[in-house]
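Notes follow the structure.
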Amino acid sequence: MGAWPVLVKMEDAEDWDRYEMTVTEFLYRILTDPGFRPYTVADSVPEPCFEPV
């Protein structure tokens, strides 16, 4: 089975960006990598925390 690229674009952009990675990796990078601009949301997701009860 061949690999498929991930194609994305911002809503107001004209051009598409192509990423040679799996969709799973792309989603992981969006959620965790603050340097994955312009698609990252990592800065807006709070760090997980645990407080025992």
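The values are calculated or read from the model by the stated rules, or taken from the named source; none is laboratory data. Keep in mind the model is a prediction, meaning the values are calculated, not measured. Here the Cβ positions follow ideal geometry from the backbone for every residue, glycine too, while neighbour counts run over all protein chains shown. Heads up: the accessible areas ignore ligands, DNA and RNA and are worked out on the full protein's heavy atoms, side chains in. Shrake-Rupley method; radii C 1.70, N 1.55, O 1.52, S 1.80 Å.
Figures for the structure shown
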item: 12 Å reach of a label modelled at residue 19, 7 Å along Cα-to-Cβ, counting backbone N of the range 32-53; result: 32-42
item: Solvent-accessible ranking of 24, 40, 32, largest area first, probe 1.4 Å; result: 24, 32, 40
item: 3J(HN,Hα) from dihedral phi, the range 7-12, Karplus parametrisation 6.51/-1.76/1.60, rounded to Hz, x for glycine, proline; result: 10, 9, 7, 6, 4, 9
item: Relative contact order (%) - the chain, alpha-carbon pairs under 8 angstrom, separation at least six; result: 21 percent
item: Angle in degrees between helix 23-32 and the longest Cα principal axis of the chain, rounded to the nearest 10; result: 40 degrees
item: Loop-resident sites, the chain, for chymotrypsin sites (Phe, Trp or Tyr not before Pro), counting at most 12 other Cβ within 10 Å (DSSP); result: 16, 50
item: Average accessible area per residue (Å²) across the chain - probe 1.4 Å, nucleic acids and ligands excluded; result: 93 Å²
item: Net charge contributed by nearby residues that have their C-beta within less than 12 Å of residue 41 (K/R +1, D/E -1); result: 0
item: Per-selection metrics, the chain (Cα): Rg and Dmax in Å; result: 14.6, 51
